[in-house]
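What follows is calculated from the coordinates using simple rules that are stated; it is not laboratory data. Note that the structure is predicted; figures quoted are calculated from it, not measured. Note that each Cβ is placed from the backbone with ideal geometry, even for glycine, and that neighbours are counted across all protein chains shown.
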Amino acid sequence: MSAFHTLYSGLDREGPGLPGDVLWALDRLGVSGGVRVCDAGCGSGADTATLAGALHEATIEAVDLMDHLAAEAADRCASLANVTVRAGDMSNLSGPYDLIWSAGAIYFLGVTEGLAAWKPALAEGGAVAFSQAVRTVPDDADVERFWADYPALTDLEGIFAQTRAAGFDVIDHRLIVGAPWVAYYRSLAAGIVALSTDPDPELQAVLEQSWTEISNWRAAPDRIAYALVLARPA
């Protein structure tokens, strides 16, 4: 396992978000009952568990490309009878799904490319809920420093344009800012501390990079955000 994967194993989650974000999306989209849901890029399964808990009659499928994260998700959701987890490519989904949920993972495909790939896997009337890094203010040095390694960064209108380019209408959106990032970085910081005595130089370099990320976030916590976007095929 690489040093990066060592740090990101065993965390509460691999990116910012809270159960309330999932519940808002389900309520806003009217998703309930015996629906079929995919958690695409599920990570260690935090949102998978929330989806299963909110949708007792649903069938929840979770997929992640990383074997160790899929294994963590499977362990987390082992007691949930309506969940199956597998390691696999989230760009190749079969469906049909009433909802594809993807927290922070569509970045690896691109918004337009990911939505286009998922569109055939949606049932009639199905929707996608995805979160993506967003520029909340222009010309902010602290924000730009935080997202320096994120070349796809754009503002809300840019994300909406990418969504429409895939043949989707934007239903609604909300910003993931503040408290969800606090929770994420609290877990990450604990992981850094736990590994701080490991002598591996590669791991120490990753830990230092992650401390820098947390410090950069602390410079602009009210302006660093993900956009959680709800969309349906037009």
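Side notes on the structure shown:
- The range 37-69-the range 122-166 distance, computed between alpha-carbon centres (Å): 22
- Computed [θ] at 222 nm, helices only, for the chain once each DSSP H run of length n ≥ 4 contributes -39500 (n - 2.57): -12000 deg cm²/dmol
- Histogram of C-alpha separations across the range 1-116, 10 Å bin width, %: 14, 49, 32, 4, 0
- Close amide-amide hydrogen proximity is noted between Ile171 and Leu230, Ala231, Arg232, each under 5 Å apart and 5 or more residues distant or on a separate chain (H modeled in the peptide plane; Pro and chain starts excluded).
- Per-q log10 I(q)/I(0), the range 183-234, q = 0.18 Å⁻¹ (Debye; single scatterer per alpha-carbon; no solvent): -0.68
- Dipole moment magnitude, nearest 20 debye, the chain about Cα centre, only Lys, Arg, Asp, Glu C-beta charged: 480
- The charge dipole of the range 85-193, taken about the Cα centre with unit charges on the Cβ atoms of Lys, Arg (+1) and Asp, Glu (-1), comes to about 340 debye, rounded to the nearest 20.
- Point-charge dipole on Cβ atoms (K/R +1, D/E -1) for the range 5-143, about Cα centre, debye to 20: 280
- Along the axis of the charge dipole computed for the chain (Cβ charges of +1 for Lys and Arg, -1 for Asp and Glu, origin at the Cα centre), the listed residues Gly126, Gln162, Ala194 are led at the positive end by Gly126.
- Dipole of the range 1-119 computed with +1 at Lys/Arg Cβ and -1 at Asp/Glu Cβ about the Cα centre; of Leu55, Tyr107, Cys42, farthest Cα towards the positive end is Leu55.
- Extents of the range 96-223, taken as max minus min of Cα coordinates on every principal axis and listed largest first, are 53, 34, 24 Å.
- Structure-derived Rg and Dmax of the Cα atoms in Å: which label, when the choices are (1) 20.9, 59; (2) 17.4, 54; (3) 20.0, 61: (2)
- DSSP beta bridges fully contained in the chain are about 45 percent antiparallel.
- Once you divide the Cα radius of gyration of the range 88-138 by 2.2 N^0.38 Å, the number left is 1.19.
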